[in-house]
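Asks: I have a structure I would like to understand better, so I am pasting it below and will then ask my questions one at a time.
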Amino acid sequence: QQGGPREALAVWEETLAGLDRPREGDPKEREVGLAEARLWLNLAMVYLGDKGGEEGAKLKDLQKADETASKALKLYEKHLSPQDPRMGPALVAIAQHRHMIGQAVSAEGLFRSVIDLLSTPAALASPQLRYSLYRAQFNYSKLLADWDRRERDAEDMSEKAKRAGVLRLHPFVPLSPMMYIEGAQPGEVDFF
């Protein structure tokens, strides 16, 4: 029996509370920092309200989404170079948040930048990062659809997202095993 988004939040928050963070300079600092960033990002995705169906929608909290995505990005910035495509998932969450709070121009800039970052051969070789590219394209298409005279751009971006190979993942388990599903529809993809 799988748990839902509430159970996932509880597990991730408990894991973060009990995380044994290495000291500055410890050889494990980077590894633990990246794992911690992934947990913060998982929380942000739930708080954005687009995961977990009806139950997940009830957990939508844009302030918490911003806080948790920002914590993830800060850790990624500490442990990765700015050109590292592994920064992409956090940037997608922040762009999605900006769109939701009405900062469309900021969101568009982030979506465009992260789509470029995640369109590199190194990123496309990773199923997780291909999923993040899909999320960026899908959410950017929603942003474009909100604007006057951008309907065609929205349709084009939506088509790009539909052509992307995406992942079907074990729901609500951080860093879980994955399997590849070609052309899955929006909403059929969960956390990794």
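Asks: For the range 43-77, how many residues meet the condition of being under 13 Å from Leu9 (Cα atoms), in contact with an Asp or Glu (Cβ under 9 Å, 6 or more places away or on another chain) and open to solvent by 60 Å² or more (accessible area, probe 1.4 Å)?
Replies: 1
Asks: Quick one: which of Arg23, Arg6 is basic (Lys, Arg) and either surrounded by fewer than 12 Cβ atoms within 10 Å (Cβ to Cβ) or modelled with pLDDT of 95 or more (or both)?
Replies: Just one listed residue meets the conditions, Arg23.
Asks: If you go through the range 78-97, how many residues are buried (at least 19 other Cβ atoms within 10 Å of the Cβ) and charged (D, E, K, R)?
Replies: 1
Asks: Tell me, which helices (runs of 4 or more DSSP H) lie completely within the range 7-117 with 1 or more residues that are under 19 Å from Arg130 (Cβ atoms) and in contact with a helix residue (DSSP H, G or I) (Cβ under 6 Å, 6 or more places away or on another chain)?
Replies: 29-47, 62-79, 88-100
Asks: Now for a different question. Residue pairs, Cβ under 7 Å, 6 or more apart or interchain, first in the range 36-56 and within 14 Å of Glu67 (Cα to Cα) and modelled with pLDDT of 90 or more, second outside any helix (DSSP H, G or I) and open to solvent by less than 10 Å² (accessible area, probe 1.4 Å). List them.
Replies: Here the result reads Asn42/Phe191; Met45/Phe191, each pair linking the range 36-56 to a residue that is outside any helix (DSSP H, G or I) and open to solvent by less than 10 Å² (accessible area, probe 1.4 Å).
Asks: Among the residues of the range 98-107, is there at least one that is buried (at least 20 other Cβ atoms within 10 Å of the Cβ) and of a type in the set (A, V, I, L, M)?
Replies: yes
Asks: Out of the residues in the range 118-166 that are more than 24 Å from Pro82 (Cβ to Cβ), in a loop (DSSP other than H, G, I, E, B) and not aromatic (Phe, Trp, Tyr), which is least open to solvent (accessible area, probe 1.4 Å)?
Replies: Gly165
The values are calculated or read from the model by the stated rules, or taken from the named source; none is laboratory data. None of these values were measured; they are calculated from a predicted model. Positions of Cβ are backbone-derived with ideal geometry, glycine not excepted, and every protein chain shown enters the neighbour counts. Just the protein is used for accessible areas: all its heavy atoms, side chains included, with ligands, DNA and RNA removed. Shrake-Rupley method; radii C 1.70, N 1.55, O 1.52, S 1.80 Å.
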